[in-house]
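Structure first, commentary second.
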Amino acid sequence: MHPTDSHRLHAHLIGQQGSRGLLNTPSLSLDLEMLERNIAAMAAFAKQHNVSLRPHSKTHKCPEISRRQIEAGALGNCCAKLGEAEALTDAGIDGLLITSPVVTQPAIERLTTLNTRAKGLMVCVDHPDNVDALANAAKAAKQVLTVIIDIDPGIHRTGVASPEGVVALAKKVTGLPSLRYAGVQFYCGRHQHIEDYAERRKQIIERTEYLKGILELLAKANLKPGIITGSGTGTHQIDCELGVFTELQVGSYVFMDHQYNICDLRGENRPTFEQSLQIDARVVSRNTQGMATMDSGLKAMATEAGPPKILAGAVDGSTTRFMGDEHCAVIAPEGQEAPALGARVVLVPPHCDPTVNLYDAYHIVKGETLVDIWTIAGRGRSR
């Protein structure tokens, strides 16, 4: 019995020289050497700046990658959803922070069960009613639950909306014996993809001043947070310069999709990490001059950020265009030839997180050789 369809189709190819070229497509390929260099580079950066890492697993959803991050020094992982935390806990990953509120009664019951077996589990809260519900559930389960107070950085997605509200919620948590107040979360999500470094830095400085004001109020109320968590791949350099966070929730650095690759992450005007996550596609039709059709369409990758970029397999200057659910065109520059029928074209997804959620496994490659297949255990675990 194979754990995934990818294992069924490709397990026999592991270790065979040139086996990447034999993969059924579309396939989600992960360059192992690039991945390991990305993990090592961020770990070294964090050590240099005396800050901890709790990378976000919503990017990769994979215990094998979590283990490598922790072996490189990370405290654990962040999870966007309870289901992701359950999947990683099942695989033996500790030190998890659920960064979105867990509110419904069925979900709270799952959370309290998870809390009995997940070492170092924490969950974010942003509303007094949710705090009461979690406290009651934790009391009934006779297991203290550790919470982080989520602060709205101005996105109005989640988080307490005012400084006074943050203090009031922290006071409420500390008054409930079944809960433990551990710190605060402040994630400036919409700032992560601002391409210009100077503009991104300007906006993050302004938002950090707001956070500092809240931290001062908490300190005056004897509620100084032990953990200040947030940041991301797009702002990690700036946030470390400002020196407020105790830990970083960086995620996409392991893969570097196109959205992040065009951002100047450190003010160096060059890519900081390598594009390890790739989609292998094949040309399945070629009947129009200068154009070929690949087997990787809307179902093969996230689409909200536009069509994919070409990493290899087509002449320089070639572009892509979605041609429906199953297909994507590769269009050669005028006067140039499109890839041949059956040719492999390697694509870089525009947005890695939702792209990963479409696949059951990573095909781990070194050069042209398939060396392993890693199950994406958190795929579809959005509840």
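Scan segment 17-70 residue by residue and report those that are under 30 Å from ALA329 (Cα atoms), in a loop (DSSP other than H, G, I, E, B) and either aliphatic (A, V, I, L, M) or assigned by TED's automatic domain parsing to the domain that holds THR293 (or both). Result: GLN17, GLY18, LEU23, ASN24, THR25, PRO26.
Selection within segment 214-253: residues that are small (Gly, Ala, Ser) and assigned to a helix (DSSP H, G or I). The member of this set that is nearest to SER57 (Cα to Cα) is SER252. When VAL244, VAL167 are checked against the criterion of being in contact with a helix residue (DSSP H, G or I) (Cβ under 7 Å, 6 or more places away or on another chain), surrounded by fewer than 18 Cβ atoms within 10 Å (Cβ to Cβ) and at pLDDT 95 or above, VAL244 stands alone in meeting it.
For segment 286-294, the count of residues that are in the same structural domain as LYS366 (by TED's automatic domain parsing), hydrophobic (A, V, I, L, M, F, W, C) and touching a Lys or Arg at 6+ places or on another chain (Cβ under 7 Å) is nonzero. Pairs are defined by a Cβ separation below 8 Å, a sequence spacing of at least 6 or placement on different chains, a first member in segment 106-123 that is assigned by TED's automatic domain parsing to the domain that holds LYS142 and β-branched (Val, Ile, Thr), and a second member that is surrounded by 21 or more Cβ atoms within 10 Å (Cβ to Cβ) and in a helix (DSSP H, G or I); the pairs so defined are ILE108/LEU134; THR112/ALA138; VAL123/LEU111; VAL123/LEU134.
Would it be correct to say that LYS119 is under 16 Å from the mean Cα position of the chain (by Cα), of a type in the set (D, E, K, R) and in a loop (DSSP other than H, G, I, E, B)? Even if it seems obvious, please write down each step before you answer.
On the way: under 16 Å from the mean Cα position of the chain (by Cα): no; of a type in the set (D, E, K, R): yes; in a loop (DSSP other than H, G, I, E, B): yes.
Considered against the rule, which asks whether it is under 16 Å from the mean Cα position of the chain (by Cα), of a type in the set (D, E, K, R) and in a loop (DSSP other than H, G, I, E, B), LYS119 comes out as no.
Going through (1) out of contact with any Lys or Arg (no Cβ under 8 Å at 6 or more places or on another chain); (2) modelled with pLDDT of 95 or more; (3) not charged (D, E, K, R) one by one, TYR260 falls short only on (2). Once segment 254-287 is narrowed to residues that are of a type in the set (S, T, N, Q) and closer than 13 Å to HIS193 by Cα, the residue that is surrounded by the most Cβ atoms within 10 Å (Cβ to Cβ) is GLN259.
The listed residues are ALA74, ALA87, ALA40, and the only one of them that is loosely packed, with under 15 Cβ neighbours inside 10 Å, touching a residue at least 12 places away in the same chain (Cβ under 8 Å) and either within 18 Å of ASP353 (Cβ to Cβ) or not acidic (Asp, Glu) (or both) turns out to be ALA40. Within segment 256-278, the residues that satisfy the criterion of being in contact with a His (Cβ under 7 Å, 6 or more places away or on another chain) and part of a loop (DSSP other than H, G, I, E, B) are ASP257, CYS263.
Every test in (1) in contact (Cβ under 8 Å) with a residue 60 or more places away in the chain; (2) farther than 30 Å from LEU88 by Cα; (3) out of contact with any strand residue (DSSP E or B) (no Cβ under 8 Å at 6 or more places or on another chain) is passed by ALA377 save one, and that test is (2). Of all residue pairs spaced 6 or more apart or on separate chains, those with beta-carbon atoms under 7 Å, a first member in segment 245-264 that is under 15 Å from CYS79 (Cα atoms) and assigned by TED's automatic domain parsing to the domain that holds ALA72 and a second member that is part of a helix (DSSP H, G or I) and of a type in the set (Ser, Thr, Tyr) are SER252/TYR260.
Sort through GLY342, GLY317 and tell me the only one that's outside any strand (DSSP E or B) and under 30 Å from the mean Cα position of the chain (by Cα).
None of the other options fit; the residue is GLY317.
Taken over segment 288-303, residues that are part of a loop (DSSP other than H, G, I, E, B), surrounded by fewer than 24 Cβ atoms within 10 Å (Cβ to Cβ) and either at pLDDT 95 or above or in contact with a His (Cβ under 6 Å, 6 or more places away or on another chain) (or both) amount to 5. Residues in segment 331-351 that are closer than 17 Å to LYS299 by Cβ and at pLDDT 95 or above were compared, and the one that is surrounded by the fewest Cβ atoms within 10 Å (Cβ to Cβ) is VAL345.
The values are calculated or read from the model by the stated rules, or taken from the named source; none is laboratory data. The structure displayed is predicted, hence computed values, not measured ones. Cβ: placed from backbone, ideal geometry, glycine included. Neighbour counts: every protein chain shown.
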